[in-house]
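The values are calculated or read from the model by the stated rules, or taken from the named source; none is laboratory data. Note that the structure is a prediction, hence the values are computed from the model and not measured. Here the Cβ positions follow ideal geometry from the backbone for every residue, glycine too, while neighbour counts run over all protein chains shown.
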Amino acid sequence: MLQLYDIGFTVFHSAFILFVLLGWIHPKTQRVHQVALLITLVAWLLIGWYVGTIGYCPLTDWQWDIKRQLGERNLPSSFTEYVAEKLIGIDFNKTYVDIATAAGLAFGVIMAIIKYFQGRIARP
């Protein structure tokens, strides 16, 4: 059952990250994308500040608990780093992965802001 939870977390977490990066593209998903960004920013900044780790993700925390129960050790602090290393097979520098992850979030936020104002200007 834990393996199923682990797979479910991996699929959901990966899809959520892709949505944060690209959810601004389709007009029908832009509102939900804004909510996803807000949730991510609250977790990364507010909850992260509270727990002492800016960039904190509760999904990663929960999934790492499951992975530890499954016997995995030496897990990175970042789900993005974990997935990148599993997919590509290279041990990436944590700082570079963190910078790329933050840049991805910033990209999603910037594109959401641009799309928001484009929609406001286009409407009379």
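Within segment 54-93, the set of residues being on the phi > 0 side of the Ramachandran plot and at pLDDT 95 or above comprises just one member, GLY71. In segment 1-20, the residues that are under 14 Å from THR60 (Cβ atoms) form Cβ pairs under 8 Å with partners that are among the basic types (Lys, Arg), at six or more places apart or across chains, as follows: ASP6/LYS67. Within segment 71-101, restricting attention to residues that are part of a helix (DSSP H, G or I) and surrounded by fewer than 14 Cβ atoms within 10 Å (Cβ to Cβ), the residue that is farthest from the chain's Cα centre (by Cα) is ILE88. Among the residues of segment 26-63, the ones that are touching a Lys or Arg at 6+ places or on another chain (Cβ under 9 Å) and loosely packed, with under 12 Cβ neighbours inside 10 Å come to 1 in all.
Annotation: ILE66 fulfils all but one of (1) closer than 30 Å to LYS28 by Cβ; (2) surrounded by 15 or more Cβ atoms within 10 Å (Cβ to Cβ); the unmet one is (1).
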